[in-house]
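The values are calculated or read from the model by the stated rules, or taken from the named source; none is laboratory data. From a predicted model like this one, the values you see are computed outputs, not experimental measurements. Quick reminder, even Gly has a Cβ in these numbers, built from the backbone with ideal geometry, and neighbours come from all protein chains shown.
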Amino acid sequence: MKFDQPAGTNPIDQLKVVGRPTSRIDGPLKTTGTAPYAYERHDVVPNQAYGYIVGAAVAKGRIRRMDTSAAKAAPGVVTVVTTLDFPKPLPLGMQNIAHLFGGADVAHYHQAIAVVVADTFEQARAAAALIRTDYDRVPGRFDLAREAPNAPLEGGSSGEGSAAPAIDRIGDFAKAFAAAPVKVDRTYTTPDESHMMMEPFATIASWDGDKVTLWTSNQMIAWSKGSLAKILSIPPENVRLDSPYIGGGFGGKLFVRADAVCAALAARAARRPVKIAMQRPLMANNSTHRPATIQHVRLGATKDGRLTAIAHSSTSGNLPEGKPETAVSQTKLFYAAPNRETYMKLAVLDLPEGNAMRAPGEAPGLMVLEMAMDELAEALDMDPVELRAINDTQVDPEKPGTPFSERHYVECLRTGAGRFGWSRRNPKPAQVREGRWLIGMGMAGGFRGNILTKSAARIRLERNGRLTVETDMTDIGTGTYTILAQTAAEMMGVPLSQVDVKLGDSDFPKSAGSGGQWGANNATAGLYAACMKLREAVAQQLGFNSADVAFADGKVSAGGRSAALAEAARAGPLTAEDGFDPTDMGERWQQATFAAHFVEVAVDSFTGETRIRRMLAACDAGRILNPKAARSQVIGAMTMGVGAALMEELAVDTRFGFFVNHDLASYEVPVHADIPHQEVIFLDFPDDKSSPMKAKGVGELGLCGVGAAIANAIYNATGVRVRDYPITLDKHLEKLPQVA
Amino acid sequence: MKSFTYERATSPAQAAAIVARTPGAKFLGGGTNLLDLMKLEIETPTHLVDVQDLKLDRIEKTREGGLRIGALVTNTALSADERVRRDYGVLARAIQAGASGQLRNKATTAGNLLQRTRCPYFYDPNMPCNKRKPGSGCSAIGGYSRQLAVVGSSDKCIATYPGDMAQAMRVLDAAVETVKADGTTRAIPIADFHRLPGDRPEIDNVLERGELITGIALPKPLGGQHFYQKVRDRASYAFALVSVAAVIQKDGSGRVSFGGVAHKPWRVAAADAALPQGAQAVAQRAFAEARPTEDNRFKIPLATRALASVIAQAKAPRA
Amino acid sequence: MVSGSAEFEISRRGVLACSGAAVALTAVPAEAQGPTAAAAPATLPVTLTVNGTRHDLTLDTRTTLLDTLREHLHLTGTKKGCDHGQCGACTVIVNGERINSCLSLAVQHQGDKVTTIEGLGTPDKLHPMQAAFVKHDGFQCGYCTPGQICSAVSVLDEIRRGIPSHVQADLTEKPGFTNIEMRERMSGNICRCGAYSNILDAMSDVAGERA
């Protein structure tokens, strides 16, 4: 279905099922432990052996020799596959920068260099420790701060659509900034972060002749099917992936990882199915991470707060051929100003591969831009909400001919401020105390693009009148099962309980997949298209000629005649398959989602510890398909934002070249005690340029800006501005009031 | 994890004898730290002697008016004991500040004392570490040392003892009661139990091979107000950056031990004596010999401020 | 400051790190290289009662309770998130108390009664806590969920039994079913999707019905 003009009124607008807060249809399975994740598929194939991955012990170098004799002789060992079994690295999969396996060269710490297969997990793990490896270690570049001054300019993309030329200039920034009466000119840093999804990378691989099936945990089935075919040098039709339940991804499972490749190679060598779950201590260095940034922001404004000049640059690092963290992308679109300059620099670092993590670009970019806006508001003696509101734009500031499809940022600011009680904030920092606690409020804006992409689905009306939806779309906790069921129920006029949804199988029609907060809108739009086809087929089958056929209450009606929907499948199931093709709708309008985040913190005046007291987000993200699951997406993102603001940082050892705190004890993420009750407000602005669903993404929006809102609240509480994330207590401790 | 054989001991002396005579044998209590380390082959016992049946799970009064805590009393049970909550609040508080509910249900009193360091280089078998592999070097010195020791460290090791419970036991002047392979028993003052790393950082404490902890003796209650303030990067389920265990009397005198700063609970007599003069005076004495790294220099002002917080609470009128 | 030149440290350790895996291997204490080191894995019989059903198993001594449940009994509702006691996904209830099943050997549990998520309820007959998690959307990806629910059930029981916690103002008082009490006690269960606020709503719902 080509989508080439704004959606008119359509069956979704009935909002009988869509748009209602709906408990997840997969809830009873997930809460009883009966939803099967990748490593748990005991039923799919017999005789599964256990694989255990060995990671490189050096960050950069070459393997001179591997002695696997002890491992091979160990009890229960079936086979040992090493990277030296392959004369050169296996081909790169889509978006991979570092090779996942093969060859003697080591590109980063904990890169997979061997996989041991044994009858039991205990045997495989023990044997893996018996492999002796000698390396020629070579020096590497591991220190972003040291490499940054010489880093070249780099255009680029996060891999999710935001391409950029090397330097983006509008007007004359230098002149306008020099002339601006009020300015901010500051440098900020954000650290390397790890996805740390709860389910490790996990795969069961099984070969049948020259065909391989992988029960795996992957966000993007079609991408990964193609990547695996390429890596394994087999035709794509010989690869099947099945990924119905995914224990979190956050971008870490966008691309094929070492678990899948090692399982496939090991299963081929072992001549039996092999299952692998990557051990947690290997994950942070073996896989991808959100790269650290050094960002420079310069804002120039008139005395009444109108921005006249915006400059934002960001330097990040990556392996050779890697891409930059696109931390300046929101700055191109968020605020009006006639003079603008944005650019990125990219240093070569021999650390593990930097790649997408939830809201790549915008997450660290807004942590910085929105802190700078807070600094500007203070310099102007202006309310931070007002500063943002008066600098709103309804068109792309770089291409004034391109309007935003829908943009209700100002409503987010106003609604959020009202509900939060922002007017009670004392704008002067370090003024509010409750006993030992310094109290502060902060806010920040949120922005994240709405990406349109092709997505297909199949729907089948079964003989018994039930509907079956099939698509390779994934549910990574996002609520996909439920919104697809809601879409089918709405379109076909049946209760939600009449719909079965099957996801994540590469044999199903190719969908948008889960990434870049594009899944919900595009995947439901794809199913919408398939449902339109099924409606036609049903009408034809039941002998309705009218174009105005109603589907409601399990019945099909037109011209005073009515028939049960199930009647149409009496002779056999009716199947329809179609997809959503957004044509150039994403280019004709600038499409994005908006938020305003408000936070209240308490900082212990003695120890500097920060506690979040209240959080609120007001979101403008088109039609909200399932307010219950969407709210969960937003509060979850807000929680990740708490981590980014207060504690998350992969510590780089710049001598050995690796992330030192590579487990869940030493890489701290928020726990229950860190997170108070969270409030989310969804504004009701359906976007008819986004899709027939009129929906937009929300899963990343919830993260965008949260970190800055927390940072600004801490500043309001303490009067100490910390510009290096995360804001751990040591960074402001000695500037807090004297206590002893 | 290396393969190992397993047996259950039937008496403390028997357990001690087995471990003393069996190469590669270790005691297994709750296992929450040992199994963690065995999975990484940081610990590689070839025989485990499970002591869970030894009936060392009682808390009893001592003739001296104190309490004897069986080595196998779980963290949860110890911190929930009414006598501990009433008379040894610092101990209950310290335990509750550690780990998680699940871990406290399994972890034992003796095991908690024997927790090994959380230094990230100790935990990564690829990295040189004198504590894990004597003579291999210390990666933490010059590396990521934010969590590590500021005082009592050596050129061989800057690891910390990570536990909370022992900080409280240190201010309470507890004694660690043990039985050796030959059946003899001794009581080791908690002050002497944990070692400083010196030239032998691989040795955490003074226990001899096969020597089994049977219990902890607490002297009679100290009175005063009891505090355990733990400072960390997140609000729960994290190791301390710094912690302060303190018992403070009405006249401002008292005892204080600092956690997260050294290879053992850090209590200095001269610092105790300075308590009436305030946190700065205590910290000056407690950290006079400090050798922090750039990463963890903040721990000294943090410890000072955390103690100031405790003193302020002690002075505040009771609600 | 700890002394030592950074340059020197790097070159010295560079050499050491070259034999990375070998370091791990030779780290085995000399006395551990006993005659049984290369022999077949030690196994022992273990009897467990899981969700009311008795299981007589013969297991490698190294097998954790978690892997026993997942790989031997195929009760995969209990999850492996970190295998090191750092996440809580493996939480099960043993003899009435919640523990991390990843940091426990099966052989330590001879004769024990284990309740897993599968023993609390089924999709057709949810336990009240499971139903409350569905109602309040107290999960997203679902991977930490069984551990959260086993903990949540235990936490309400622990509060009822008067087990004290870190956030209690007065140690000698009985704890209440307050938001901060439940949050502190649930902190050993990490949810990276960030469903915490909803999990607390679910627990409050169940606690309220009980009170």
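Quick notes
- The lone criterion from (1) of a type in the set (A, V, I, L, M); (2) over 26 Å from the mean Cα position of the chain (by Cα); (3) surrounded by fewer than 23 Cβ atoms within 10 Å (Cβ to Cβ) left unmet by A:A57 is number (3).
- Tally, over region A:242-290, of residues that are within 14 Å of chain C (Cβ to nearest Cβ), closer than 17 Å to C:G81 by Cβ and either part of a strand (DSSP E or B) or over 18 Å from the mean Cα position of the chain (by Cα) (or both): 9
- Residue check, B:G183 farther than 24 Å from B:S153 by Cα and not hydroxyl-bearing (S, T, Y): yes
- Any chance A:V722 is over 22 Å from the mean Cα position of the chain (by Cα) and at pLDDT below 95: no
- Hits in region B:67-94 - residues which are more than 8 Å from chain C (Cβ to nearest Cβ), closer than 26 Å to B:L307 by Cβ and surrounded by fewer than 23 Cβ atoms within 10 Å (Cβ to Cβ): B:D87
- Taken over region A:564-602, the residue count meeting the criterion of being acidic (D, E), closer than 30 Å to A:D392 by Cα and surrounded by fewer than 21 Cβ atoms within 10 Å (Cβ to Cβ) is 2.
- In region C:171-211, the residues that are crowded, with 21+ Cβ neighbours inside 10 Å, touching a His at 6+ places or on another chain (Cβ under 6 Å) and in a helix (DSSP H, G or I): C:R183, C:E184, C:Y196, C:S197, C:N198, C:A202
- Selection count, region A:685-720, where residues are outside any helix (DSSP H, G or I) and more than 14 Å from A:T610 (Cα to Cα): 18
- Residues (over 26 Å from the mean Cα position of the chain (by Cα) and either in a loop (DSSP other than H, G, I, E, B) or not charged (D, E, K, R) (or both)) located in region A:7-33: A:A7, A:G8, A:T9, A:N10, A:P11, A:I12, A:Q14, A:L15, A:K16, A:V17, A:T32
- Number of positions in region A:309-334 that are surrounded by 24 or more Cβ atoms within 10 Å (Cβ to Cβ) and over 24 Å from A:D724 (Cβ atoms): 1
- Filter result for A:S605 (closer than 30 Å to A:G479 by Cα, in contact (Cβ under 8 Å) with a residue 24 or more places away in the chain and buried (at least 19 other Cβ atoms within 10 Å of the Cβ)): no
- Of the strands (runs of 3 or more DSSP E) entirely within region B:1-114, those holding at least 2 residues that are more than 22 Å from the chain's Cα centre (by Cα) occupy B:5-8, B:47-50.
- Region A:26-54, subset away from chain C (no Cβ under 11 Å) and crowded, with 22+ Cβ neighbours inside 10 Å, residue farthest from A:V115 (Cα to Cα): A:A49
- Out of A:D105, A:D119, sole residue that is assigned by TED's automatic domain parsing to the domain that holds A:D259, among the acidic types (D, E) and farther than 30 Å from B:F4 by Cβ: A:D105
- Criterion violated by C:E97 - all others in (1) surrounded by 14 or more Cβ atoms within 10 Å (Cβ to Cβ); (2) modelled with pLDDT of 95 or more; (3) facing chain A (nearest Cβ under 10 Å) satisfied: (3)
- Inter-residue pairs, beta-carbon under 6 Å, first within 12 Å of chain A (Cβ to nearest Cβ) and under 16 Å from B:K39 (Cα atoms) and in region B:114-139, second of a type in the set (D, E, K, R) and not in a loop (DSSP other than H, G, I, E, B), 6+ apart: none
- Extreme residue, farthest from the other protein chains (Cβ to nearest Cβ), among residues of region A:639-690 that are of a type in the set (A, V, I, L, M) and farther than 30 Å from B:C119 by Cα: A:L683
- Subset of region A:55-79 [closer than 30 Å to A:P139 by Cα and assigned to a loop (DSSP other than H, G, I, E, B)]: A:A56, A:A57, A:V58, A:A59, A:K60, A:T68
- Residue that is surrounded by the most Cβ atoms within 10 Å (Cβ to Cβ), among those in region A:185-225 that are among the charged types (D, E, K, R) and more than 17 Å from A:P46 (Cα to Cα): A:E199
- Within this structure, B:I213 passes the test of being surrounded by 15 or more Cβ atoms within 10 Å (Cβ to Cβ), touching a residue at least 24 places away in the same chain (Cβ under 8 Å) and either in the same structural domain as B:R255 (by the TED database) or within 26 Å of B:E43 (Cβ to Cβ) (or both).
- A single member of A:R306, A:R272, A:R358 is surrounded by fewer than 24 Cβ atoms within 10 Å (Cβ to Cβ) and under 30 Å from A:T213 (Cα atoms), and it is A:R272.
- Checked against the criteria, C:G162 counts as within 13 Å of chain B (Cβ to nearest Cβ) and at positive phi.
- Counting only helices (runs of 4 or more DSSP H) that fall entirely inside region B:257-319 and contain at least 1 residues that are within 8 Å of another protein chain (Cβ to nearest Cβ), the qualifying elements are B:279-286, B:299-315.
- Unmet criterion (only one of (1) crowded, with 21+ Cβ neighbours inside 10 Å; (2) farther than 30 Å from B:S3 by Cα; (3) in contact (Cβ under 8 Å) with a residue 12 or more places away in the chain; (4) within 11 Å of another protein chain (Cβ to nearest Cβ)) for A:V18: (4)
- Residues of region A:439-453 that are touching a Lys or Arg at 6+ places or on another chain (Cβ under 6 Å) and within 29 Å of A:I612 (Cα to Cα): A:M441, A:G445.
- Checking every residue in region C:184-194 against the condition of being closer than 15 Å to B:A92 by Cβ, of a type outside the set (S, T, N, Q) and free of Cβ contacts under 8 Å to residues at least 24 places away in the same chain gives at least one match.
- In region A:600-622, the residues that are more than 20 Å from the chain's Cα centre (by Cα), part of a strand (DSSP E or B) and either not small (G, A, S) or not assigned by TED's automatic domain parsing to the domain that holds A:M443 (or both): A:E600, A:V601, A:V603, A:D604, A:T610, A:R611, A:I612, A:R613, A:R614, A:M615, A:L616
- Among the residues of region B:1-58, just one is of a type in the set (V, I, T), free of Cβ contacts under 8 Å to residues at least 60 places away in the same chain and in contact with a Lys or Arg (Cβ under 6 Å, 6 or more places away or on another chain), namely B:T44.
- Among the residues listed as A:A695, A:A713, the single one being closer than 30 Å to B:E294 by Cα and of a type outside the set (F, W, Y): A:A713
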